[in-house]
Amino acid sequence: MAEELEQYARYFHEGARVRVGIPLEGGGWFPEWGSVATLDDDLLLVDLSRDQLPEETRLETGQTLNVGLPEQEQGLTCRAVLVRVDGVEHRLALRLIEDVYPFEPREYYRQDVYLPLDYRLPLSQIEADVRLRWLARRREMEFAAQAPAPGEPEELEDSREEIRARLEKRKERPPSAANISGGGLRININEKLIVGQLIELSIYVPNSAHLIEIVGEVVEVRDLPDQVRFSTAVRYRMIDEADRDRLIGYISAQQLLQLSQQTPRVLPSPEPKISPFAWRLQIALAFLLLVAFVGCQVRAIRMAKERGEKWEVQRIFDEGFVEFLKRQR
């Protein structure tokens, strides 16, 4: 336990940025950012970045959550039990219960989607140049979203309209199928990229009407059976955390939609199986009943003969024969 407490003190210092996996009602989890308020041995207090969590999230005392440290040189995470929630879901009291261990981006829940998506190769593969271009695109989007100020020069308005037209063109691209998460995506494309190559991604999220600009790194390329397309896996290298939240919110909404559309299958009730012993017992009982019935009939016939009574068939025959003789007269 002492070693674990040393780990907690080393990584979860006051002000450290963490990511907490908040469970969703339909399964999976929502990654919410926060910062460490205090750490007392294994009791961790985390202030979340937002005052109100999405409606799909579910926080209950006793739940086991993942607390990630993505800003470390190697991404780390630790499991914790939710002790209490303070201030309308703004501060979480968590009891750390395990060692701090590495995590992979695949801890994000993945979902197959069909939405407008565009990728481009940057002019340079130098990371600093790619980052400058990414920041410039984000500034352009902010500028395009602004309303014109009173007395604004006509040149600025023309520039804003030109940027808006360019963004709308990206939104109107034909939808593409992708397997996507908050940490990366996989798409099938006709171009064979190189592992380690940086690419620019534009993803249009319909529920927020927002265009998300991302820089990704190719981590895997596989030939598809049609020998024309390539299954390409991409890890996000540069993404605004607000955009990541929008993307994860869209993925979560799609998951909940699919769950709500699933009709529970009613399976036919299986016929009860009869054991060999019960089967033999049923046959024996049926045979005994048959023997008893025949015995009763034989006994009744004998008693009728002893009393001089005629069988029913003979009585009917005699009555019919007498009637026939009367008609002949």
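List every residue pair whose Cβ atoms sit under 6 Å apart, with the two residues 6 or more apart in sequence or on different chains, where the first one lies in segment 47-65 and is over 15 Å from L24 (Cβ atoms) and open to solvent by less than 90 Å² (accessible area, probe 1.4 Å) and the second, anywhere, is assigned to a strand (DSSP E or B) and not charged (D, E, K, R). Taking only residues 6 or more apart or on different chains, the pairs are D47/G34; D47/S35; D47/A37; L48/G34; S49/W33; S49/G34.
Here the condition is being exposed (fewer than 15 other Cβ atoms within 10 Å of the Cβ), at pLDDT 80 or above and out of contact with any Lys or Arg (no Cβ under 6 Å at 6 or more places or on another chain); of E152, E162, it holds for E162 alone. Taking first residues from segment 130-158 that are more than 17 Å from D243 (Cα to Cα) and touching a residue at least 40 places away in the same chain (Cβ under 8 Å) and partners that are of a type in the set (S, T, Y) and not in a helix (DSSP H, G or I), the Cβ contacts under 8 Å between residues at least 6 apart in sequence or on separate chains come to V130/S124. I180 falls short of the stated requirement of being under 21 Å from L135 (Cα atoms) and at pLDDT 80 or above.
Give segment 225-247 a look and list any residue that's closer than 22 Å to R133 by Cα and part of a loop (DSSP other than H, G, I, E, B), or say none. Hits for segment 225-247 are I239, D240. Contact map, segment 183-204: residues that are of a type in the set (V, I, T) paired with residues that are part of a loop (DSSP other than H, G, I, E, B), Cβ distance under 8 Å, separation 6+ or inter-chain. Pairs shown: I189/R229; I199/L121; I199/P122; I199/L193.
Residues of segment 225-242 being without any contact (Cβ under 8 Å) to a residue 40 or more places away in the chain and either loosely packed, with under 11 Cβ neighbours inside 10 Å or among the β-branched types (V, I, T) (or both), which ones? Answer for segment 225-242, where residues must be without any contact (Cβ under 8 Å) to a residue 40 or more places away in the chain and either loosely packed, with under 11 Cβ neighbours inside 10 Å or among the β-branched types (V, I, T) (or both): P225, D226, Q227, V228, I239.
Do we have any residue at all in segment 139-160 that's at negative phi and touching a strand residue (DSSP E or B) at 6+ places or on another chain (Cβ under 7 Å)? Yes - at least one qualifying residue is present in segment 139-160.
The values are calculated or read from the model by the stated rules, or taken from the named source; none is laboratory data. Keep in mind the model is a prediction, meaning the values are calculated, not measured. Please note: Cβ atoms are built from the backbone with ideal geometry, for glycine as well, and neighbour counts cover all protein chains shown. Only protein heavy atoms, including side chains, enter the accessible area calculation; ligands, DNA and RNA are left aside. Shrake-Rupley method; radii C 1.70, N 1.55, O 1.52, S 1.80 Å.
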